[in-house]
Amino acid sequence: VTISSEGRFTLKSSEAEKAFSNGEQAVMTADLSWFDSGIVEAAPTGDNPLSVTFSDGTKRQYFGTVELERRQDGISVINELPLETYLRGVVPHEMPVDFGETALQAQAITARSYAYNQFYANSYCGYGAHLADTVASQVYLGADTAELSDAAIKATEGKCLTAGNEVVTTYFYSTSCGYGADAKEVWSANGTFTEESKPYLTGGTHGISTENPDTEEEWLAFWQDWEIEGYDDASPWYRWKTYFGAGQLTEITGAKLKEAAKSHPAHVEVLQEDGSWKAQTPEDLGRLTGISVAKRGESGVMEVLRLDYEKGSVQVKTEYTIRQVLSPTKMTIGDPIYLQRKDGESLTGNTILPSGFFAVKEMKNAEGKLTGVALYGGGNGHGVGMSQYGAKGMAEEGKTAEEILEHYYTGTTVQQVIA
């Protein structure tokens, strides 16, 4: 790890202290005696941020101070700074700045609320930190800020989203298909979908006026209609489709089911001879003969997918595991697999479906043998909480940040929480 700055900075441990002038670098390796007494702190003497170059060559600038600590696997780097300053490195990287200040204000409040809960959860206390800088918490890129998002953070300073006396957990995602999901339809560790969800994470309709589809035929027609108006209809991911050959999908699901059964054992079940389903790793199932929806949430999100093969059947549970198993990327069989989006783009190389909001259309020959599978869907992300493109759409209709948030998080209020 290398530390530098366009101004002066100081390196300090409990045993020593050294000042560095503009242009000087502090090259920190785990074997330095500086670390023998614990944490080493780098602090700027002025307003210039610190520059940190990591061992992989990544270079990033940080406001506040940087704490370094020797670990078995190298050096941990912790950036310590005020919450509002932290948000400056989050908001423009979680939402495009060109979404406008109102949408950015909504994003700032959700990001602040999310960080508030992460702070008190203290999940990273083993590192001496409150948050990670990845999607494990929120994407944080240090002093890489933007003027418009800075203004949105300033305009909402200290404000969080609350329900009762609690700051709510503000999940958000890119794009809805017109419907948002209840949290219990999406996240189920044991695959039973019986977990209790928060009353403010119950989903709903997002700007569409059509009746809620009921049958699989109606859901298919809903996602095949790329002209339906909704808050998210400007997103390229508002509608999408993809196609697999039957042989391709046999190969892909065969590999991905094994991976999923290893990482999420409760989410992959094999049909037993007595008609029951048992969580286990599928083996030698032969060619795929059918694919169907076994269970769908009220919002339309896929909860359980059924895959039938020559030698058995498998159930896949939860939208994320389903999206992984139906990976739209060619392995060795067939033509390249394209994800076609509403904006006309056709993309290859996506390792996961954009969302769990989709319907299945089987292609069969005259003998009834499966020849291919088309998926028609909408949205991008898990579908719980605030849709970012939807926030943009609502802002363009004249809604305030508070009105946007109160739409996506039922029964909540924006309040001054941090003085």
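I'd like the full set of residues that are assigned to a helix (DSSP H, G or I) and either under 24 Å from Gln61 (Cα atoms) or modelled with pLDDT under 95 (or both), limited to the stretch 88-104.
If the condition is that a residue be assigned to a helix (DSSP H, G or I) and either under 24 Å from Gln61 (Cα atoms) or modelled with pLDDT under 95 (or both), then Arg88, Val91, Pro92, His93, Glu94, Val97, Asp98, Leu104 are the ones that fit.
Which count do you get for residues in the stretch 146-193 that are farther than 21 Å from Ile404 by Cα and under 21 Å from the mean Cα position of the chain (by Cα)?
9
Identify the residue in the stretch 21-44 that is outside any loop (DSSP other than H, G, I, E, B) and of a type outside the set (A, V, I, L, M) and, among all such residues, is farthest from Ile75 (Cα to Cα).
This residue is Pro44.
Do we have any residue at all in the stretch 366-386 that's in a helix (DSSP H, G or I), at pLDDT 95 or above, within 23 Å of Glu101 (Cα to Cα) and open to solvent by less than 10 Å² (accessible area, probe 1.4 Å)?
No: zero hits.
Right, Ile75: at negative phi, modelled with pLDDT of 95 or more and of a type in the set (A, V, I, L, M, F, W, C) or not?
No.
Please find, within the stretch 147-168, the residue that is farthest from Ser51 (Cα to Cα) out of those that are in a loop (DSSP other than H, G, I, E, B) and open to solvent by less than 20 Å² (accessible area, probe 1.4 Å).
The extreme case among them is Val168.
For the stretch 45-60, which positions are of a type outside the set (Ser, Thr, Tyr), surrounded by fewer than 19 Cβ atoms within 10 Å (Cβ to Cβ) and outside any loop (DSSP other than H, G, I, E, B)?
Lys59, the sole residue that qualifies.
Given (1) in a strand (DSSP E or B); (2) crowded, with 17+ Cβ neighbours inside 10 Å, identify the lone condition not met by Thr10.
Only one criterion in (1) in a strand (DSSP E or B); (2) crowded, with 17+ Cβ neighbours inside 10 Å is unmet by Thr10, namely (2).
Take Ile337 and tell me if it is at pLDDT 95 or above, touching a strand residue (DSSP E or B) at 6+ places or on another chain (Cβ under 9 Å), of a type in the set (Val, Ile, Thr) and closer than 20 Å to Cys160 by Cβ.
Criteria not met by Ile337.
Do we have any residue at all in the stretch 194-206 that's over 18 Å from the mean Cα position of the chain (by Cα), over 24 Å from Arg112 (Cα atoms) and not β-branched (Val, Ile, Thr)?
Yes, some residue in the stretch 194-206 is over 18 Å from the mean Cα position of the chain (by Cα), over 24 Å from Arg112 (Cα atoms) and not β-branched (Val, Ile, Thr).
The values are calculated or read from the model by the stated rules, or taken from the named source; none is laboratory data. Only a predicted model underlies this, so the values are computations on that prediction, with no experimental measurement involved. A quick note on method: Cβ atoms are made from the backbone with ideal geometry, for glycine too, and the neighbour counts reach across all protein chains shown. With ligands, DNA and RNA removed, areas are computed over all heavy atoms of the protein, side chains included. Shrake-Rupley method; radii C 1.70, N 1.55, O 1.52, S 1.80 Å.
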